[in-house]
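S.K.: Just passing along the structure, written as structure tokens.
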Amino acid sequence: MKIAIARDGNYVSEHFGHCEGFEIAEVEDKNILKREFLPNPGHKPGFLPKYLSEKNVNVIIAGGMGATAQELFTRNNIEVIVGARGELDAIIKDYVDGNLKSTNAVCREHQHEGHCHG
């Protein structure tokens, strides 16, 4: 399984589309096999769900995300978890342990960075 976390520094980004990039964690049997950073290729409507799907991502975790992006991830069979806050290592552990749940909050489209609260 591949988990993508929208990140800014070592923390979950408030809005996935405006993050600096994605921390990709490959997990098997609750063990992290590999981690890598993918820079954000740009915030073009509809692009990131397809891009991450092509990278074989199964789950996207972010602080916040618009309704259209959530729908596109779901259409690409990628689980969406929004409302996440905190350090990357803790978020990955919480997800792997089954303790990270989505708030299902939706950001209004095209909000400015820092104004999206999940």
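S.K.: Return the residue satisfying two criteria in turn: it lies in the range 1-34 and is basic (Lys, Arg) and surrounded by 15 or more Cβ atoms within 10 Å (Cβ to Cβ), and of such residues it is nearest to residue 91 (Cα to Cα). Outline the logic, then answer.
M.R.: The first filter runs over the range 1-34 and keeps only residues basic (Lys, Arg), leaving 2, 7, 30, 34.
When the remaining residues are screened for being surrounded by 15 or more Cβ atoms within 10 Å (Cβ to Cβ), the result is 2, 7.
Numbers: 2: 14, 7: 11 Å.
Among residues in the range 1-34 that are basic (Lys, Arg) and surrounded by 15 or more Cβ atoms within 10 Å (Cβ to Cβ), the one nearest to residue 91 (Cα to Cα) is 7.
S.K.: Further, regarding this structure: How many residues does the range 32-46 hold that are modelled with pLDDT of 90 or more and either farther than 20 Å from residue 12 by Cα or touching an Asp or Glu at 6+ places or on another chain (Cβ under 9 Å) (or both)?
M.R.: Residues that pass the stated criteria total 9.
S.K.: Another question, if that's okay. Among all residue pairs at least 6 apart or on different chains, which show Cβ distances below 6 Å where the first residue, located in the range 53-67, is surrounded by fewer than 17 Cβ atoms within 10 Å (Cβ to Cβ) and the second is basic (Lys, Arg)?
M.R.: Partner pairs satisfying both residue conditions: 56/2; 58/2.
S.K.: Of (1) at pLDDT below 95; (2) under 19 Å from residue 106 (Cβ atoms); (3) not basic (Lys, Arg); (4) not in a helix (DSSP H, G or I), residue 60 satisfies all except one. Which?
M.R.: Just one mismatch for residue 60, condition (1).
S.K.: Please enumerate the residues belonging to the range 1-51 that are in a loop (DSSP other than H, G, I, E, B), charged (D, E, K, R) and either in contact with a Pro (Cβ under 6 Å, 6 or more places away or on another chain) or farther than 24 Å from residue 67 by Cβ (or both).
M.R.: From the range 1-51, those in a loop (DSSP other than H, G, I, E, B) are 1, 9-10, 13-15, 19-20, 29-30, 40-46; that's our starting set.
Adding the requirement that they be charged (D, E, K, R) leaves 14, 20, 29-30, 44.
Once the filter is applied, which keeps residues that are in a loop (DSSP other than H, G, I, E, B), charged (D, E, K, R) and either in contact with a Pro (Cβ under 6 Å, 6 or more places away or on another chain) or farther than 24 Å from residue 67 by Cβ (or both), the range 1-51 yields 29, 30.
The values are calculated or read from the model by the stated rules, or taken from the named source; none is laboratory data. Computed from a predicted model, the values in this text were never measured in an experiment. Cβ: placed from backbone, ideal geometry, glycine included. Neighbour counts: every protein chain shown.
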